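Engineer: So that we are looking at the same thing, I have put the structure below in structure tokens.
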Amino acid sequence: MTNIKSTKNALFQKLPLTPGNSFIIHRYESPYFETPWHFHEEYELVYCEKGFGNKFIGNSFSSYQEGEIAFIGKNVPHLFKADDSFYGPEASIKPSSIVVQFVEDFLGKEFFNSPEMAEMKQVLSLSQNGLMVLGNTRKKIKVILFEMLERDKIGRLGGLLEIFGLLSDSRELQPLSIQQISGINVSDSQKMNKVLEYALLHYKETISLREVSDLTNLSESTFCRYFKSRTQKSFLAFIIEIRLNESKRLLKETDLSILEICYESGFNNLSNFNRLFRKQFRESPVEFRRSV
């Protein structure tokens, strides 16, 4: 994995370039993703080859599934966390991903200012919100990524330029964050990791502000302001978001009844669950299940 480097003001993921390379493509395989909630100056394209879990990109929380591709802008805080089932010794599959990282001037300071790169420069700007790559664009990029792993230096560069071309022409890029979130310091990273880990472990329970604020050594009111300033949403809204994403997964992958899923996701009132689900996904749980 890439190294984490602390500077005076921030926590960076250091790009481990090898001699003769201006960008990185690497396949990672691990029982879980080890990096904390972090950011780095490199743009990052992530293909989730195997496994599933949850992802935090900017101020967006959602689940990730095998086959997804995300494109993350420079300095955008993010974290991928494999599902708890992959942490046990009985797990038969190790999550794996193919990651491409590059800095904006890796081919010279004027590269993305050239006429040929005008559309790709717009994609770089959009990536500051985090982007999901969908449809045929995703399928084509997946093939190129595997080919790049087997190519020589020139071939890998050619593959990356092919990917730039696909992203530039694509109408299948879906923004994740509504607002751009960038930059965290070391203290933020430590605090946010504690909060995120606790939320994922206890979201089905009733979590008091006292419990979570104690994790960060902040008062309840200060914690509320702190969390909202970093994510542009309240902690309660974040917990509801986790519960709704879990309910969506259960609707898709299990035969549990709507009532069972309501309680299994951490809600204690069916009508409230239905209302929040429709507000978030613009359809009822029943309608969503029928569509998958």
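Engineer: Which loop trypsin sites (Lys or Arg not before Pro) in region 256-292, with loop taken from DSSP, have no more than 15 other Cβ atoms within 10 angstrom of their Cβ?
Structural biologist: Sites meeting the loop and neighbour criteria: Arg282.
Engineer: Next question, about the same structure. What aspartates and glutamates does Lys204 reach when the alpha-carbon gap must be under 18 Å and sequence neighbours fewer than 8 apart in one chain are set aside?
Structural biologist: By straight Cα distance, Lys204 reaches Asp83, Asp84, Glu241, Glu246, Glu260, Glu264.
Engineer: On to the next question. For Ser92, Ser247, Ser271, what's the largest-to-smallest order of accessible area, 1.4 Å probe?
Structural biologist: Ranking Ser92, Ser247, Ser271 by accessible area, largest first, yields Ser92, Ser271, Ser247.
Engineer: PRE reach from Lys121 (point 7 Å along Cα→Cβ): which of region 153-170 fall under 15 Å by backbone N?
Structural biologist: Only 168 pass the distance filter.
Engineer: Now for a different question. Given the Cα-Cα distance of Arg282 and Gln190 and 0.36 nm per residue of separation, how much length would full extension add, in nm?
Structural biologist: 29.6 nm is the gain from fully extending Arg282 to Gln190.
Engineer: May I ask you to compute the full-extension gain from Ser96 to Val292, defined as 0.36 nm times their residue separation minus their alpha-carbon distance, rounded to one decimal in nm?
Structural biologist: The Ser96-Val292 span can extend by a further 68.0 nm.
Engineer: I've got another one for you. Please check the chain for the longest run free of chymotrypsin sites (Phe, Trp or Tyr not before Pro) that are loop-located per DSSP (anything but H, G, I, E, B) and have at most 16 other Cβ atoms within 10 Å.
Structural biologist: Answer from the scan: 88-292.
Engineer: Hey, got a sec? Which GluC sites (Glu not before Pro) in region 47-100 land in a DSSP loop and have at most 10 other Cβ atoms within 10 Å?
Structural biologist: Qualifying residues, ordered by number: Glu90.
Engineer: Rounded to the nearest 20 debye, what is the charge dipole size of the chain about its Cα centre when +1 sits on each Lys and Arg Cβ and -1 on each Asp and Glu Cβ?
Structural biologist: Its charge dipole is roughly 600 debye.
Engineer: Could you pull out the pairs from Lys94/Lys142; Lys94/Lys248; Lys50/Lys252; Lys94/Lys194; Lys74/Lys153; Lys81/Lys191 whose alpha carbons sit more than 21 Å apart here?
Structural biologist: Result: Lys94/Lys248; Lys94/Lys194; Lys74/Lys153 exceed 21 Å.
Engineer: Counting Lys and Arg as +1 and Asp and Glu as -1, what is the net charge of the other residues whose Cβ lies under 12 Å from the Cβ of Tyr43?
Structural biologist: -3
Engineer: Using a 1.4 angstrom probe on heavy atoms only, work out the carbon and sulfur share of the accessible area of region 208-292 in %.
Structural biologist: Answer for region 208-292 is 48 percent, counting heavy atoms of protein chains only.
Engineer: Working out 0.36 nm times the residue gap between Ser208 and Lys109, then minus their Cα-Cα distance, what length gain in nm do you get to one decimal?
Structural biologist: Between Ser208 and Lys109, full extension yields 30.7 nm more.
Engineer: Another one. At q = 0.09 Å⁻¹, what log₁₀ I(q)/I(0) does a Debye calculation on the Cα points of the chain give, no solvent, two decimals?
Structural biologist: Each listed q maps to, in turn, -0.47.
Engineer: Roughly what % of DSSP beta bridges within the chain run antiparallel, to the nearest 5?
Structural biologist: About 95 percent, rounded to the nearest 5.
Engineer: Still on this structure, please answer the following. In square angstrom, what is the accessible area per residue of the chain with a 1.4 angstrom probe?
Structural biologist: On a per-residue basis, 51 Å².
Engineer: What are the trypsin sites (Lys or Arg not before Pro) within region 100-146 that DSSP puts in a loop, where the Cβ has at most 16 other Cβ atoms within 10 Å?
Structural biologist: Lys109
Engineer: Something else: Around Thr137, under 9 Å between beta carbons, what's the net of Lys plus Arg minus Asp minus Glu among the other residues?
Structural biologist: +2
The values are calculated or read from the model by the stated rules, or taken from the named source; none is laboratory data. Predicted model, so just to flag it, every value in this text is computed and none were measured. Neighbour counts are summed over all protein chains in view; Cβ atoms, including those assigned to glycine, are modelled from backbone coordinates with ideal geometry. Heads up: the accessible areas ignore ligands, DNA and RNA and are worked out on the full protein's heavy atoms, side chains in. Shrake-Rupley method; radii C 1.70, N 1.55, O 1.52, S 1.80 Å.
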